[in-house]
Amino acid sequence: MMDKTVKRGTRTGFTTGACSAAAARAAVLGLVHGAVPETVECLLPNGQRVQFAVQDGRCEGEGLARVAHAMVIKDAGDDPDCTDKAHLTADVRLRPELQGQVLLAGGFGVGTVTMPGLGLAVGGPAINPVPRRNIEDNVREIGQSLLDELGLEVCISVPQGLEMAKKTLNTRLGILGGISILGTTGIVKPYSTAAYRASVVQGVQVAGTTGAGMVALTTGGRTEKFVMAEFPELPQACFVQMGDFLRYALDAAVKARLAHVVIGGMVGKLTKIAQGETITHAGRAEVDTGLLAELCAGIGVPAEVCEDIRNAETARYASERVEALGLVLEFHQALAERVVQTLMGRYPGKFRLTVLVCDFEGRKLAEAASD
């Protein structure tokens, strides 16, 4: 999907979710004021406010039949993936019968969820929870005068989405007909660049200078917030978002002679670590659902459910199945212990390891540590 011979920098970009929220906000402004603006300030999930250029803005219809249309072109920064330059488009119409409600729909080029395990409704659009909330937050912030009287329907579409989806794993995950609308902060960092990898190593080196004797490695913003709450006394410099670069982070921790390493993560990345992957990018290796089935069998999950988990495509599917059985804590505890076992086999005697697991809302599920 990317030309790896091209030297890339560290310029950040914006997620499909952030661009969708900006387009939706611009379209609602069109309904409120009668014209879609050429630029719009959008609230990102991380609290930042960013200006986006708006394309193809227009308002059509009269009275309750009014519809506003706006489009924002995604800029993925210095690490463009297959959705770089996607046209994230929002069409917003009035729904008098849904007073106070914001209804989010997926149009052409936005995938439809056909399998469980993604945390999204089967049959619904592949718009992840954080972008959903972010789109609604932006709509409500500037459309409350309309929502006092009626509802708003926001339809997100991506004209190139069907073609872009062919370069993703969406079909394997049961997302058909387009791309997913993603993003937990609104910002795209160039995780796959040598520059970001170097920044991870540098971050661990800085942690080694604090005198705390430890580093807390996390896979992203949500897990970092979770781990920070677990170690409120730890200097901020000890927290490093390693992204997918576990191997580089741990090698740097050994070199810095850090006595204690903490890893915070969620089920998907931790499964890859448990199975022995040290670069956890989605494109590098598939989740070993056989490992998850084995862990589930060990905590008493029925054999037929274990077989379903073995045949699934995502780690999240396993998490959802065990939660339905009331075994979610036991499952994540077994996973955390397997991560410890795997990494201590690779780095015997190099450091003490603690693994913390949280759910997709940042709530603690499990903790395991080496001897």
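The values are calculated or read from the model by the stated rules, or taken from the named source; none is laboratory data. In this text, all values refer to a predicted model and were calculated from it rather than measured experimentally. Glycine also receives a Cβ, built like all others from the backbone with ideal geometry; neighbour counts cover every protein chain displayed. Surface accessibility is based on the protein's heavy atoms, side chains included, excluding ligands, DNA and RNA. Shrake-Rupley method; radii C 1.70, N 1.55, O 1.52, S 1.80 Å.
For the residues A90, A27, the requirement of being assigned by the TED database to the domain that holds D148, under 20 Å from R132 (Cβ atoms) and not in a strand (DSSP E or B) singles out A27.
In segment 215-271, what residues are β-branched (V, I, T) and open to solvent by less than 20 Å² (accessible area, probe 1.4 Å)?
In the first step, residues of segment 215-271 are kept if they are β-branched (V, I, T); the result is 215, 218-219, 223, 227, 240, 254, 261-263, 267, 271.
Within segment 215-271, V215, T218, T223, V227, V240, V261, V262, I263, V267, T271 meet the criteria.
Only one of the numbered conditions (1) in contact with a Leu (Cβ under 7 Å, 6 or more places away or on another chain); (2) at pLDDT below 95 is violated by A76, and that is (1).
Might you check whether a residue that is without any contact (Cβ under 8 Å) to a residue 40 or more places away in the chain and open to solvent by 20 Å² or more (accessible area, probe 1.4 Å) occurs anywhere in segment 95-106? So that I can check it myself, show each step before the final result.
From segment 95-106, those without any contact (Cβ under 8 Å) to a residue 40 or more places away in the chain are none; that's our starting set.
For segment 95-106, residues without any contact (Cβ under 8 Å) to a residue 40 or more places away in the chain and open to solvent by 20 Å² or more (accessible area, probe 1.4 Å): absent.
Summed over segment 30-77, the residues that are basic (K, R) and either touching a residue at least 60 places away in the same chain (Cβ under 8 Å) or outside any strand (DSSP E or B) (or both) give a count of 2. Among the residues of segment 309-337, those identified as touching a residue at least 40 places away in the same chain (Cβ under 8 Å) and not small (G, A, S) are E313, T314, R316, Y317, E320, H332, L335. For segment 190-238, a tally of residues being touching a strand residue (DSSP E or B) at 6+ places or on another chain (Cβ under 7 Å) and either acidic (D, E) or part of a strand (DSSP E or B) (or both) returns 7.
Reported count of residues in segment 342-362, each being part of a loop (DSSP other than H, G, I, E, B) and either free of Cβ contacts under 8 Å to residues at least 12 places away in the same chain or within 16 Å of D251 (Cβ to Cβ) (or both), is 6.
Would segment 180-189 turn up any residue that is farther than 20 Å from A68 by Cα and either in a helix (DSSP H, G or I) or over 19 Å from the mean Cα position of the chain (by Cα) (or both)? I'd like the intermediate steps shown before the answer.
Just the residues of segment 180-189 that are farther than 20 Å from A68 by Cα, to begin with: 180-189.
Subset that is either in a helix (DSSP H, G or I) or over 19 Å from the mean Cα position of the chain (by Cα) (or both): none.
Checked against the condition, which is being farther than 20 Å from A68 by Cα and either in a helix (DSSP H, G or I) or over 19 Å from the mean Cα position of the chain (by Cα) (or both), segment 180-189 yields no hits at all.
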